[in-house]
Amino acid sequence: MLQTDFLVIGSGIAGLTYALKVATACPDKKIIVMTKAAADETNTKYAQGGVAVVNDLENDSFEKHIEDTLIAGDGLCNKNIVEIVVKEGPDRVRELIEWGARFDKEKDGDYKLGKEGGHSEFRIIHHKDITGWEMERALLEAISKQKNIEVIKHCFVIDIITQHHFGYLITKASPDIECYGVYALNLETNRIEKIIAKCTLLATGGNGQVYRTTTNPSIATGDGVAMVYRAKGRIENMEFIQFHPTALYEAGMRGQAFLITEAVRGDGGILRNKNGEAFMERYDPRRDLAPRDIVARAIDSEMKKTGTEHVWLDCRHFTKEKFTEHFPNIYQKCLSIGIDITQHMIPVAPAAHYSCGGIKTDEWGRTTIHNLYACGECSSTGLHGANRLASNSLLEAMVFAHRCFLDVLDRINTISFNESIPDWNARGTTEPREMILITQSLKELQLVMSDYVGIVRNDVRLHRASKRLDLLWEETEQLYQDTSLSPQLLELRNLITVGYLIVKGAAFRKESRGLHFNTDYPDKSNMVQNIVL
Ligand code: FAD
Ligand code: SIN
């Protein structure tokens with residue numbers, strides 16, 4: 001058993017930013033950061049484009065960034081939250097720079113600014129095309145200097161502990177659900193441990209792995225969302241899954257796909273169909289830089305019309321020098337598979353990228369469960385509405401990590417440990433006989449979600465998906481009850497829960513808005529606000 005004042009689940013930008021702040025403000029208190037993989041294996045590490053933040057007040061303004069975010073969000077953003085994130089963003093970025101993160105600069109010392117879909121101005125600060133790698137590096141380095149932070153790697157959090165674990169009946173209607181810590185499977189000892197905490201932050205990231213192809217690494221399995229749902233906390237807007245328009249297409253792709261950042265289009269890259277036509281002008285006056293939902297749908301439609309598995313991103317008009325100055329990593333990756341971007345177009349296709357919904361929080365990152373906060377991609381703060389504006393998520397994670405920190409600081413001395421928590425009950429379970437029972441179900445889930453709950457949906461597909469998920473759920477629940485736990489089984493179980501929440505949200509929303517497009521309701525006449533499950 002471990003005991004800590006502050007428990008942080010997740011070592012991406014959200015978890016690490018919060019941990020650093022708490023550790024600095026409370027040098028006498030202990031902080032545990034727990035992660036199921038290596039410390040840097042996070043969505044954060046793979047971020048390319050950068051951080052959208054207003055810093056050139058001559059050409060840009062908070063009002064413009066707010067407006068761009070609201071337009072992308074297609075009527076569902078919480079305006080108060082949008083204003084908070086945009087206006088508090090610059091201070092959070094300054095702190096990150098003080099912790100050691102480096103962003104590219106012009107010769108005169110100003111930050112280089114990139115542009116992505118939906119932005120009316122150049123405002124995206126970046127580190128080449130590996131911004132996330134640089135941010136993660138800086139944060140982990142700063143964390144390693146804090147004596148009161150312990151980073152525990154390869155420890156898989158299974159569930160948050162609430163009154164349910166003392167035998168009380170907890171339902172969605174229970175008014176005062178409390179979090180006392182978590183149960184976690186230590187992947188090095190294969191033992192299930194309990195970690196008791198006064199306050200827990202979930203920063204478990206996204207859920208791209210519920211689809212067949214995704215820009216997300218394998219850790220992105222929606223564990224935090226599934227845990228909160230099981231604990232009867234509130235989850236919202238799960239139907240809004242963002243598909244990035246331009247993942248690098250490779251034949252037979254499944255799992256994590258390499259991203260070609262939208263900043264390439266910001267610098268002049270042009271999407272073309274099989275016939276070489278720059279098709280985006282037929283879909284939106286903003287062409288290649290329309291918001292992501294529009295570009296992804298346009299690509300999907302072109303692929304269906306021309307019967308291809310990808311479209312092309314044309315960068316042949318760039319010189320090698322110009323391209324590699326901003327995108328050295330993409331240049332090398334393409335070259336490694338035989339594509340010289342100055343001579344060949346890049347094959348690209350949409351892939352699941354970002355979850356706009358998640359664990360419902362208030363403006364301080366508080367979830368509907370006491371002493372449990374959530375921030376980063378696993379949360380739903382109200383910033384993104386029906387579609388996230390590009391490069392707003394790293395910013396959101398930093399702003400909300402700060403707000404969780406401010407709130408918990410006020411409260412930590414009023415919370416006491418609950419020390420009578422029962423051990424995990426693993427009696428009656430046997431070793432799993434065949435891993436294929438898990439791996440095959442995962443493949444099935446990913447196929448169902450990609451074929452029926454992808455960029456374009458309709459009621460028949462959603463109904464089918466729901467029936468398939470029921471069966472997968474039943475079979476997986478049986479395995480969970482009968483066999484000893486493995487990370488693969490836990491992730492499958494969480495992904496099925498996430499799939500169910502996406503399907504349920506999508507089925508409730510009888511309109512097409514932002515990232516949710518249902519051909520049976522192609523317009524916005526049946527507006528519903530946030531769908532809370
Ligand atoms: P993550 O960084 O994903 O961290 C999640 C952490 O939780 C990991 O440490 C993981 O191991 C841990 N975890 C999860 N489940 C468990 C469990 N059960 N037990 C223990 N630990 C667990 N956004 C932008 O704003 N700008 C960009 O340029 C940009 N580019 C992107 C490019 C790519 C390829 C991808 C995939 C995303 C990009 N995004 C971008 C989105 C952004 O990177 C993510 O939304 C953000 O980094 C999420 O940070 P996070 O801290 O919430 O989660
Ligand atoms: C990208 O670089 O295109 C991704 C940016 C984002 O997801 O915000």
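With charges only on Cβ, +1 for K and R and -1 for D and E, what is the dipole size of segment 207-265 about its Cα centre, in debye, rounded to 20?
Around 180 debye, computed over segment 207-265.
Which FRET efficiency, nearest 0.05, do Glu141 and Thr171 yield, Cβ-Cβ r, R0 56 Å?
0.80
So for segment 226-310, taking the charge dipole from beta-carbon charges (+1 Lys/Arg, -1 Asp/Glu), which of Met238, Gly266, Gly252 sits furthest toward the positive end?
About the Cα centre, the residue reaching furthest to the positive side is Met238.
What is the fewest-to-most order of Thr162, Thr35 by other Cβ atoms lying within 10 Å of their Cβ?
Thr162, Thr35
Ranked highest first by average number of other Cβ atoms within 10 Å, how do 353-364, 262-273 line up?
With the highest mean Cβ count within 10 Å placed first, the list reads 353-364, 262-273.
Can you tell me which aspartates and glutamates have their Cα less than 12 Å from the Cα of Lys320? Leave out same-chain residues fewer than eight positions away.
Hits, sequence-local ones excluded: Asp340.
Can you flag which of Lys232/Lys360; Lys274/Lys305; Lys443/Lys504 are past 18 Å Cα-Cα?
Lys443/Lys504, as the Cα separations exceed 18 Å there.
Taking the Cα of Glu106, stepping 7 Å toward and past its beta carbon, and measuring to each backbone N in segment 117-156: which are under 20 Å?
Flagged as within label range: 119-129.
Taking the Cα centre of the chain as origin and charging only Cβ (+1 Lys, Arg; -1 Asp, Glu), how large is the dipole, in debye to the nearest 20?
Taking the Cα centre of the chain as origin, the dipole is about 660 debye.
What does the charge count around Val448 come to, taking other residues whose C-beta lies under 15 Å from its C-beta (Lys +1, Arg +1, Asp -1, Glu -1)?
Cβ neighbours under 15 Å give a net charge of +4.
Report, in deg cm²/dmol and to the nearest 500, the calculated mean residue ellipticity at 222 nm for the chain, where each DSSP H run with n ≥ 4 adds -39500 (n - 2.57) and the sum is divided by the residue count.
Using -39500 (n - 2.57) per qualifying helix, the result is -11000 deg cm²/dmol.
How large is the dipole of segment 308-397 about the Cα centre if only Lys and Arg carry +1 and Asp and Glu carry -1, each at its Cβ, rounded to the nearest 20 debye?
Here segment 308-397 has a charge dipole of around 40 debye.
Give me the number: length gained by fully extending Lys322 to Lys29, i.e. 0.36 nm times residue separation minus the C-alpha to C-alpha distance, one decimal in nm.
100.6 nm
Tell me, what is the Rg over Rh of segment 194-305, with Rh the Kirkwood radius over Cα pairs?
Radius of gyration relative to Kirkwood radius: 1.09.
For a label point 7 angstrom out from the Cα of Asn458 toward its Cβ, which stretches of segment 288-302 have the backbone nitrogen within less than 18 Å?
Those under the cut-off are 297-298, 300-302.
Exceeding 24 Å between C-alpha atoms, which entries from my cross-link table qualify? They are Lys36/Lys128; Lys105/Lys147; Lys64/Lys115; Lys30/Lys194.
Lys36/Lys128; Lys105/Lys147
Compare the Cα positions of Gly338, Gly365, Pro422 along the charge dipole of segment 295-424 (+1 at Cβ of Lys, Arg; -1 at Cβ of Asp, Glu; about the Cα centre) and return the one farthest towards the positive end.
So the residue furthest toward the plus end is Gly338.
Counting each pair of different Cα atoms once, what's the Kirkwood radius of the chain in Å, rounded to one decimal?
23.4 Å
Give, as a single signed number, the net charge of other residues whose beta carbon lies under 9 Å from the beta carbon of Ser218, with Lys and Arg counted +1 and Asp and Glu -1.
Net charge around Ser218: -2.
Test of the criteria: in segment 176-236, which chymotrypsin sites (Phe, Trp or Tyr not before Pro) are in a DSSP loop and have at most 12 other Cβ atoms within 10 angstrom of their Cβ?
When the chymotrypsin sites (Phe, Trp or Tyr not before Pro) of segment 176-236 are filtered for loop state and at most 12 Cβ neighbours within 10 Å, nothing remains.
With a sphere of radius 11 Å drawn around the Cβ of Leu472, what net charge do the other residues whose Cβ falls strictly inside it have (Lys, Arg +1; Asp, Glu -1)?
Taking every other residue near Leu472 into account, the sum is -1.
Taking R0 as 22 Å, what's the FRET efficiency between Glu150 and Asp362 from their Cβ-Cβ distance, rounded to 0.05?
For R0 = 22 Å, the calculated efficiency reads 0.15.
Give the shape of segment 1-76 as rounded, prolate or oblate, defined through the alpha-carbon gyration tensor: a ≥ b ≥ c are the square roots of its eigenvalues, a/c under 1.5 means rounded, and otherwise the shape is prolate if a/b is larger than b/c and oblate if not.
Because a/c hits 1.5 or more and a/b exceeds b/c, segment 1-76 counts as prolate.
With Rg and the Kirkwood Rh both taken from Cα atoms, where does Rg over Rh land for segment 416-489?
Taking Rh as the inverse mean 1/r over Cα pairs, Rg/Rh reads 1.16.
Counting each pair of different Cα atoms once, what's the Kirkwood radius of segment 383-443 in Å, rounded to one decimal?
Over segment 383-443, the inverse of the mean reciprocal pair distance is 17.4 Å.
Every number in this text was worked out from the coordinates using simple rules, so none of it is lab data. These figures come from a predicted structure and were not determined experimentally. As a convention, Cβ positions derive from the backbone with ideal geometry for all residues, glycine included, and neighbour counts pool all protein chains shown.
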